[in-house]
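See below for the structure under consideration.
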């Protein structure tokens, strides 16, 4: 079957849910849209259940940190896929770092479980409704969120490597 | 005598009486887990009730390191994701960067890349299936078959100089043309390996003991598999013929003729057989690629540009201009446009995706690896509920969980 | 009668009719070095090269390491191959402490020796931060020939080691530096 065109997706969501999103242009052929936080769960559930669109596969879920964007510092990016018609889609939602809370998609996609835990581990974004939100890759005792831009890559307490020789 | 499926159905019955369970710790250092990850299993006698997983024992912070490194310096990192099939990771990364930069590669380069990726796929499935044999007690299969992985290492060494962590290729092609020895070694491999692989298959595929251990263990239904994000041979064993090489062809895969094998129930035996069959398809793809490479005009092994293709080493050591370009490009002075791109390749375990956000600078702003092992390993507790402990080992082995890809 | 069999050198000693007198250290060392039971603590890519070393092409079993032991209680040589993250550190330490004396440790690969290319917050910069190491094998990953070379160096150490070494003051001080009881 042919892939869904961007106009088809856009018009379908607009007719069913209204004007809840903004399209981000120039994304190398992938339909990318930004959805405000309150509409996120509704939009994704619609995309999952709708027969015409049928985005039944969550390919990827990750976070991005934009420290310069006041009020929109943390971004969660979802990649959805319609395997039957081989169409990909990207959804972004922005939250501020004072209150980084995003609704969890574990009710819709079981694969979101660990991916959200990883995003929490790296960025500190709390997913509301997640069954077991705790750190997954880093040590449990860690307090900071390492993928944020202000966290240093190297361990400052290491003894055998002198920063001077490594150009830092 | 009850079958495995009947025991499992009884176990999943919510009206079962409450009984005290034993806790068994499997890992992180365990001979049968290939890689370090931990499973704490709650068991009722020999039957598993539930499992809790802890990963992150080899978390090397690839994504954070990648924010510090220019594009060429990220390739050695991608090697170490699924280290059993490093060329697939390397090529996937270069394809992502080429998508961002808008590079057109010549056909011959595409065919060379296909050949190298399919060799890597053979190498990975080879390990997975022979280790599955070892986990069920068939130790000899591994020693027979591993010799042929050494032959594949010889081919890699001729192409790029390294055995395991290959760091193969450049943005736009390869660092040097395939020498005649590469073709000779590959054709020799294509002649000798099928005999050995058929022997290995005959040891296990219709072996009564192996079949008893693997049929109906670790089965997962299609809906749950899709919901858990399974891709690759694990999803194809459930019955869905989704393969990125046919669905969204990259690297001229549309010019090749090959089948996509699928299973029926998604159990361990189906995964084993699907991987076996994929090796046969890969061998056919390698042969087609060799013929296609030889049909194209010789000597073309990279896209023609100075801006992102490193000059050949002989020039760099003699010519000042080449030296300057080499330094500039390695240090990241490639004019990368700002933008975000997601590219997926069919890795040996499934859809290996690279999500690259570039802000026009020397290094990526954000690079995220969509690692198939990380996503499908979540389904493991559901796959083994109600089964026995030895089944858990066999299921873990057949899923081909590579710790480097799990934790990144 | 000539043959291809290489006999190992007898240690220096006094030979006579029906007897051979030598030091206990050399005989014990000779016996120990050719029958080491390794514990492959394989974590990442170096583990795959270790599999290549144990396979038939680069057979490590030729040198006496035929029986791999995955339990530290029955192992002599702890081969740490691959990156050790800080999360894995306590596990490695526990495995090391469970081994019985005499024990040797070989750090295979750049990551185990010094952290390798991963100079990050989550990777232990070399296992000698937490356990004493006898031989380091550099490489990323080292070729199987290098791993075999490392094991041969361990065999040299084992052959020349005194039987009393593990009770000596120097060794006790080494263990104290690492806070090993």
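The values are calculated or read from the model by the stated rules, or taken from the named source; none is laboratory data. Treat the numbers as computed from the prediction; the structure is a model and nothing was measured. Neighbour counts are summed over all protein chains in view; Cβ atoms, including those assigned to glycine, are modelled from backbone coordinates with ideal geometry.
Each row is one residue, and each column tells you yes or no for (1) farther than 29 Å from residue B:120 by Cα; (2) out of contact with any helix residue (DSSP H, G or I) (no Cβ under 6 Å at 6 or more places or on another chain); (3) crowded, with 19+ Cβ neighbours inside 10 Å.
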| position | (1), (2), (3) |
| --- | --- |
| B:313 | no, yes, no |
| B:316 | yes, no, no |
| B:320 | yes, yes, no |
| B:325 | yes, yes, yes |
| B:330 | no, no, no |
| B:333 | yes, yes, no |
| B:339 | yes, yes, no |
| B:355 | no, yes, yes |
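Assuming residue A:12 fulfils every condition listed in (1) buried (at least 16 other Cβ atoms within 10 Å of the Cβ); (2) closer than 25 Å to residue A:128 by Cβ apart from one, which condition is it?
All conditions pass for residue A:12, except number (2).
Evaluate the following for residue A:63: is it crowded, with 21+ Cβ neighbours inside 10 Å, within 11 Å of chain B (Cβ to nearest Cβ) and under 28 Å from residue B:231 (Cα atoms)? Before you say what the answer is, go through the steps one by one.
Values: crowded, with 21+ Cβ neighbours inside 10 Å: yes; within 11 Å of chain B (Cβ to nearest Cβ): yes; under 28 Å from residue B:231 (Cα atoms): yes.
Criteria met by residue A:63.
Consider region A:110-130. How many of its residues are more than 10 Å from chain B (Cβ to nearest Cβ) and part of a loop (DSSP other than H, G, I, E, B)?
Counting residues in region A:110-130 that are more than 10 Å from chain B (Cβ to nearest Cβ) and part of a loop (DSSP other than H, G, I, E, B) gives 4.
What are the residues in region B:380-404 that are crowded, with 23+ Cβ neighbours inside 10 Å and within 10 Å of another protein chain (Cβ to nearest Cβ), if any?
B:402, B:403, B:404
Considering each of B:154, B:67 in turn, give the residue that is within 14 Å of chain A (Cβ to nearest Cβ) and over 18 Å from the mean Cα position of the chain (by Cα). Steps first, please.
Numbers: B:154 fails: within 14 Å of chain A (Cβ to nearest Cβ).
From the options B:154, B:67, the qualifying one is B:67.
Can you pull out the helices (runs of 4 or more DSSP H) entirely within region C:9-110 that have at least 3 residues that are within 13 Å of chain B (Cβ to nearest Cβ) and farther than 20 Å from residue C:159 by Cβ?
Details: elements: C:24-33, C:45-54, C:89-98.
Filter on region C:9-110 gives C:45-54, C:89-98.
Taking the options C:157, C:92, C:124, C:152, name whichever one is closer than 21 Å to residue C:37 by Cβ, in contact with a helix residue (DSSP H, G or I) (Cβ under 9 Å, 6 or more places away or on another chain), touching a residue at least 40 places away in the same chain (Cβ under 8 Å) and buried (at least 21 other Cβ atoms within 10 Å of the Cβ).
On the way: C:157 fails: buried (at least 21 other Cβ atoms within 10 Å of the Cβ); C:124 fails: closer than 21 Å to residue C:37 by Cβ; C:152 fails: buried (at least 21 other Cβ atoms within 10 Å of the Cβ).
So the residue among C:157, C:92, C:124, C:152 that is closer than 21 Å to residue C:37 by Cβ, in contact with a helix residue (DSSP H, G or I) (Cβ under 9 Å, 6 or more places away or on another chain), touching a residue at least 40 places away in the same chain (Cβ under 8 Å) and buried (at least 21 other Cβ atoms within 10 Å of the Cβ) is C:92.
Residue check, residue A:84 against (1) at pLDDT 90 or above; (2) within 10 Å of chain B (Cβ to nearest Cβ), all met but one. Which one?
Every condition holds for residue A:84 apart from (1).
Can you name the residue in region B:132-145 that is at the interface with chain C (Cβ under 10 Å from one of its Cβ atoms) and surrounded by 20 or more Cβ atoms within 10 Å (Cβ to Cβ) and, of all such residues, is nearest to residue B:281 (Cα to Cα)?
B:145
Working only within region A:24-35, note down all residues that are in contact with a strand residue (DSSP E or B) (Cβ under 7 Å, 6 or more places away or on another chain) and either within 14 Å of chain B (Cβ to nearest Cβ) or more than 20 Å from residue A:82 (Cβ to Cβ) (or both). Give the derivation first.
Just the residues of region A:24-35 that are in contact with a strand residue (DSSP E or B) (Cβ under 7 Å, 6 or more places away or on another chain), to begin with: A:24, A:26-28, A:30-35.
Those that are in contact with a strand residue (DSSP E or B) (Cβ under 7 Å, 6 or more places away or on another chain) and either within 14 Å of chain B (Cβ to nearest Cβ) or more than 20 Å from residue A:82 (Cβ to Cβ) (or both): A:24, A:26, A:27, A:28, A:30, A:31, A:32, A:33, A:34.
Out of curiosity, is residue A:137 part of a loop (DSSP other than H, G, I, E, B), crowded, with 20+ Cβ neighbours inside 10 Å, out of contact with any strand residue (DSSP E or B) (no Cβ under 8 Å at 6 or more places or on another chain) and touching a residue at least 12 places away in the same chain (Cβ under 8 Å)? Steps first, answer last, please.
Details: part of a loop (DSSP other than H, G, I, E, B): yes; crowded, with 20+ Cβ neighbours inside 10 Å: yes; out of contact with any strand residue (DSSP E or B) (no Cβ under 8 Å at 6 or more places or on another chain): yes; touching a residue at least 12 places away in the same chain (Cβ under 8 Å): yes.
Yes; evaluated as a whole, the condition is true for this residue.
Of everything in region C:147-173, what is farther than 30 Å from residue B:164 by Cβ and assigned to a helix (DSSP H, G or I)? Give them in sequence order.
Start the filter on region C:147-173 by keeping residues that are farther than 30 Å from residue B:164 by Cβ, which leaves C:159-173.
Across region C:147-173, the qualifying residues are C:159, C:160, C:165, C:166, C:167, C:169, C:170, C:171, C:172, C:173.
Every residue in region C:117-146 that is more than 26 Å from residue C:175 (Cα to Cα) and outside any loop (DSSP other than H, G, I, E, B), please. Before you say what the answer is, go through the steps one by one.
From region C:117-146, those more than 26 Å from residue C:175 (Cα to Cα) are C:117-121, C:139-146; that's our starting set.
Scanning region C:117-146 gives C:144, C:145, C:146.
Looking only at region B:305-334, which residues are assigned to a loop (DSSP other than H, G, I, E, B) and touching a residue at least 12 places away in the same chain (Cβ under 8 Å)?
Applying the first criterion (assigned to a loop (DSSP other than H, G, I, E, B)) to region B:305-334 yields B:305-312, B:319, B:331-334.
Within region B:305-334, B:305, B:306, B:307, B:308, B:309, B:310, B:311, B:312, B:331, B:332, B:333, B:334 qualify.
Looking at region A:140-168, I want the residues that are in contact (Cβ under 8 Å) with a residue 60 or more places away in the chain and have a partner that is surrounded by 11 or more Cβ atoms within 10 Å (Cβ to Cβ) and part of a loop (DSSP other than H, G, I, E, B) with Cβ atoms under 6 Å, at least 6 apart or on another chain. Which pairs are those?
A:149/A:67
Got at least one residue in region B:40-55 being in contact with a strand residue (DSSP E or B) (Cβ under 7 Å, 6 or more places away or on another chain), crowded, with 19+ Cβ neighbours inside 10 Å, within 14 Å of chain A (Cβ to nearest Cβ) and under 15 Å from residue C:85 (Cα atoms)?
no
Residue-wise test of (1) in contact with a strand residue (DSSP E or B) (Cβ under 8 Å, 6 or more places away or on another chain); (2) within 14 Å of residue C:102 (Cα to Cα).
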site: C:132; (1), (2): yes, yes
site: C:136; (1), (2): yes, no
site: C:153; (1), (2): yes, no
site: C:162; (1), (2): no, yes
site: C:166; (1), (2): no, yes
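Which one is farthest from residue B:227 (Cα to Cα), of the residues in region A:48-60 that are in contact with a strand residue (DSSP E or B) (Cβ under 9 Å, 6 or more places away or on another chain) and either away from chain B (no Cβ under 11 Å) or surrounded by fewer than 22 Cβ atoms within 10 Å (Cβ to Cβ) (or both)?
Ranking the candidates gives A:53 first.
Across region B:236-261, which residue is surrounded by the fewest Cβ atoms within 10 Å (Cβ to Cβ) among those that are over 18 Å from the mean Cα position of the chain (by Cα) and under 20 Å from residue B:272 (Cα atoms)?
B:259
Looking at B:377, B:365, B:355, which is the one that is within 11 Å of chain A (Cβ to nearest Cβ), in contact with a strand residue (DSSP E or B) (Cβ under 6 Å, 6 or more places away or on another chain) and closer than 29 Å to residue B:246 by Cα? Spell out the reasoning first.
Details: B:377 fails: in contact with a strand residue (DSSP E or B) (Cβ under 6 Å, 6 or more places away or on another chain); B:365 fails: closer than 29 Å to residue B:246 by Cα.
That would be B:355, the only listed residue that is within 11 Å of chain A (Cβ to nearest Cβ), in contact with a strand residue (DSSP E or B) (Cβ under 6 Å, 6 or more places away or on another chain) and closer than 29 Å to residue B:246 by Cα.
Just one of the numbered conditions (1) within 14 Å of chain B (Cβ to nearest Cβ); (2) crowded, with 17+ Cβ neighbours inside 10 Å; (3) under 20 Å from residue A:109 (Cα atoms) is not true of residue A:45; which one?
Among (1) within 14 Å of chain B (Cβ to nearest Cβ); (2) crowded, with 17+ Cβ neighbours inside 10 Å; (3) under 20 Å from residue A:109 (Cα atoms), the lone unmet condition for residue A:45 is (2).
Could you count how many residues in region A:131-158 are in contact with a helix residue (DSSP H, G or I) (Cβ under 7 Å, 6 or more places away or on another chain) and facing another protein chain (nearest Cβ under 7 Å)?
Residues in region A:131-158 being in contact with a helix residue (DSSP H, G or I) (Cβ under 7 Å, 6 or more places away or on another chain) and facing another protein chain (nearest Cβ under 7 Å): 6 in total.
Do any helices (runs of 4 or more DSSP H) lying entirely in region B:204-295 carry at least 1 residues that are touching a strand residue (DSSP E or B) at 6+ places or on another chain (Cβ under 9 Å), within 14 Å of chain A (Cβ to nearest Cβ) and under 21 Å from residue B:105 (Cα atoms), and which ones are they?
Details: elements: B:208-214, B:222-227, B:233-236, B:244-247, B:268-295.
The qualifying helices (runs of 4 or more DSSP H) are B:244-247.
Tell me which of these residue A:102 doesn't satisfy, since it passes every other one: (1) within 11 Å of chain B (Cβ to nearest Cβ); (2) touching a residue at least 40 places away in the same chain (Cβ under 8 Å); (3) crowded, with 16+ Cβ neighbours inside 10 Å.
It fails just one condition, (1).
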